[in-house]
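Report on the following structure.
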Amino acid sequence: MTNNNNQENNEDVCEIFDSHEDVIERVQKRMIEEDQYSQLAEFFKIFGNSTRLKILSLLAIEDLCVCDICDTLNLNQTTVSNQLRILRANNIVKYQKEGKMARYSLTDLHIEMIYKIGLEHILE
């Protein structure tokens with residue numbers, strides 16, 4: 001069976017291939033630059049790790065010190081610190097020193113929204 005035959009038997013493809021130039025032109029004008037797609041793909045990869053998502057879920061509730069994150073997730077400090085380092089390097093979280101403690105928070109509301117919208121989507 002060839003690809004064409006396979007596509008003709010599928011209901012999820014157009015029965016005839018006839019591009020709509022006006023639509024194509026309209027959407028192409030709104031596309032972002034190729035390097036921006038690459039940056040966006042790299043950004044979303046950060047959310048592809050369950051430990052990082054757990055950390056983000058906690059920080060969406062409240063700013064926390066590293067010790068509290070470790071204890072809440074039952075993880076050692078090395079594991080949490082490594083994940084926080086990745087999140088910090090990608091401008092997802094930030095920290096503020098409070099004496100000898102480092103208190104982490106989400107960088108901005110966008111990060112919380114991305115997390116919450118993703119969660120809302122999978123719970124539908």
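All of the numbers you see were taken from the coordinates with simple rules; none came from a lab. Quick caveat: nothing in here was measured; it's all calculated off a predicted structure. Glycine also receives a Cβ, built like all others from the backbone with ideal geometry; neighbour counts cover every protein chain displayed.
For the chain, what is the Kirkwood estimate of the hydrodynamic radius, computed as the reciprocal of the mean inverse distance between distinct Cα atoms, to one decimal in Å?
About 17.9 Å for the chain.
Return the Cα extents of the stretch 74-124 along principal axes one, two and three, sorted largest first, each rounded to a whole Å.
Taking the Cα atoms of the stretch 74-124, the three principal extents are 42, 24, 17 Å.
Mean residue ellipticity at 222 nm from the helices of the chain, using -39,500 (n - 2.57) per DSSP H segment of n ≥ 4 over the full residue count, to the nearest 500 deg cm²/dmol?
-18000 deg cm²/dmol
Quick one: if you stick a label point 7 Å off each Cα along the C-beta vector at Ile24 and Asn82, how many nm between them?
Here the modelled spin labels are 4.8 nm apart.
So, by mean Cβ neighbours within 10 angstrom, what's the order for 13-25, 108-120 with the highest one leading?
Averaged packing, sorted descending, gives the order 108-120, 13-25.
With a cap of 13 neighbouring Cβ atoms within 10 Å, and only residues DSSP puts in a loop, list the trypsin sites (Lys or Arg not before Pro) found in the stretch 77-115.
Loop-located and lightly packed - Lys100.
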